[in-house]
1. Inside segment 107-166, counting only strands (runs of 3 or more DSSP E) that do not spill past its ends, which hold 1 or more residues that are in contact with a strand residue (DSSP E or B) (Cβ under 7 Å, 6 or more places away or on another chain) and small (Gly, Ala, Ser)?
2. Would you check which residues across segment 70-92 are buried (at least 19 other Cβ atoms within 10 Å of the Cβ) and under 18 Å from the mean Cα position of the chain (by Cα) and list them?
3. So which of Arg75, Arg153 is charged (D, E, K, R) and either closer than 23 Å to Ala17 by Cα or within 15 Å of ligand 1 (Cβ to nearest atom) (or both)?
4. Identify, by number, the condition in (1) surrounded by 14 or more Cβ atoms within 10 Å (Cβ to Cβ); (2) touching a Pro at 6+ places or on another chain (Cβ under 9 Å) that Ile115 doesn't meet.
5. Within segment 1-50, can you find the residues that are under 22 Å from Ala83 (Cα atoms), surrounded by 14 or more Cβ atoms within 10 Å (Cβ to Cβ) and touching an Asp or Glu at 6+ places or on another chain (Cβ under 6 Å)?
6. Mind checking which residues of segment 51-68 are touching a strand residue (DSSP E or B) at 6+ places or on another chain (Cβ under 7 Å), modelled with pLDDT of 95 or more and within 23 Å of Gly124 (Cβ to Cβ)?
7. Looking at segment 114-125 only, could you name the residues that are under 13 Å from the mean Cα position of the chain (by Cα) and either more than 10 Å from ligand 2 (Cβ to nearest atom) or of a type in the set (Ser, Thr, Tyr) (or both)?
Amino acid sequence: MDGELFPRPPAEIAPGAVHVPGWLDTAAQHRLLAACRAWARPPAGLRTVRMPSGGEMSVRTVCLGWHWFPYGYARTVVDGDGAPVKPFPAWLDDLARDAVRAAHGTGPGPDPYDIALINFYDAGARMGLHRDSDEKSPAPVVSLSLGDTCVFRFGNTRTRTRPWTDVELRSGDLFVFGGPSRLAYHGVPRTFPGTAPPHLGLRGRLNITLRVSGL
Ligand SMILES: O=C(O)CCC(=O)C(=O)O
Ligand SMILES: [Fe+2]
């Protein structure tokens, strides 16, 4: 939270959905960004996801551990270059567990975190309201943000419509949603291009979600 006039305290946005501003310090953001750059390289690198409707997602995505495609998980990039998905490193499981403890005060269950979805948002990219429902485990989803600030819209479990809460996610912020909010609709209606901290050297926004597959 360096340099902020008003500190942003952690906030429970909905039951089990907690925003922890500035959770990753500068060094941790640099380490995670360097890892994302390596993961984005082919094979099984950053790709554009084509939806069954024929449209393309505006974010570009790379997966670790399990490859997400609409709508399921595979061990190879079945809708891309066909390469085996990159492994999910143990340090990301440690990071996810620390994140859940920071947000909820208690750790997640014993099953290891084994999926990372890394989304890259350029200036025009956004993500419509959806649920993360292709996992079989109820373990909380851990979301980490790097680069440009965005509006993260966190809704309810019943409908894609209001009520929802708009939260500003900035570089280094953590958001964890589990428990009664695990299957809440959420999305990113916009980012704010040019707001990434200059020291990071990232143009755009990266979001990393860590999940337990239960597969
Ligand atoms: O970019 C974000 O903050 C959210 C990403 C997301 O909802 C997802 O990857 O399922
Ligand atoms: Fe999501």
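The values are calculated or read from the model by the stated rules, or taken from the named source; none is laboratory data. Predicted model only: the values in this text are computed from it and were never measured. Virtual Cβ from ideal backbone geometry, glycine too; neighbours counted across all protein chains shown.
1. Ranges flagged: 115-121, 127-130, 141-147.
2. Listed by number, the residues that qualify are Tyr73, Val85, Lys86, Phe88, Leu92.
3. Just a single option satisfies the conditions, and that option is Arg153.
4. If we test Ile115 against (1) surrounded by 14 or more Cβ atoms within 10 Å (Cβ to Cβ); (2) touching a Pro at 6+ places or on another chain (Cβ under 9 Å), just (2) comes out false.
5. Selection gives Arg50 alone.
6. Matches in segment 51-68: Glu56, Met57, Val59, Arg60, Thr61, Val62, Cys63, Trp68.
7. We begin by selecting, within segment 114-125, every residue under 13 Å from the mean Cα position of the chain (by Cα); these are 115-121.
Residues satisfying the conditions are Ile115, Ala116, Ile118, Phe120, Tyr121.
Residues are listed down the side, and each one gets a yes or a no for (1) at pLDDT 95 or above; (2) more than 17 Å from Ala40 (Cβ to Cβ); (3) among the basic types (Lys, Arg); (4) in contact with a Leu (Cβ under 6 Å, 6 or more places away or on another chain):
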| residue | (1), (2), (3), (4) |
| --- | --- |
| Thr76 | yes, yes, no, no |
| Gly82 | yes, yes, no, no |
| Lys86 | yes, no, yes, yes |
| Asp94 | yes, yes, no, no |
| Thr106 | yes, yes, no, no |
| Ala116 | yes, no, no, yes |
| Phe120 | yes, no, no, yes |
| Asp132 | yes, yes, no, no |
| Val141 | yes, yes, no, no |
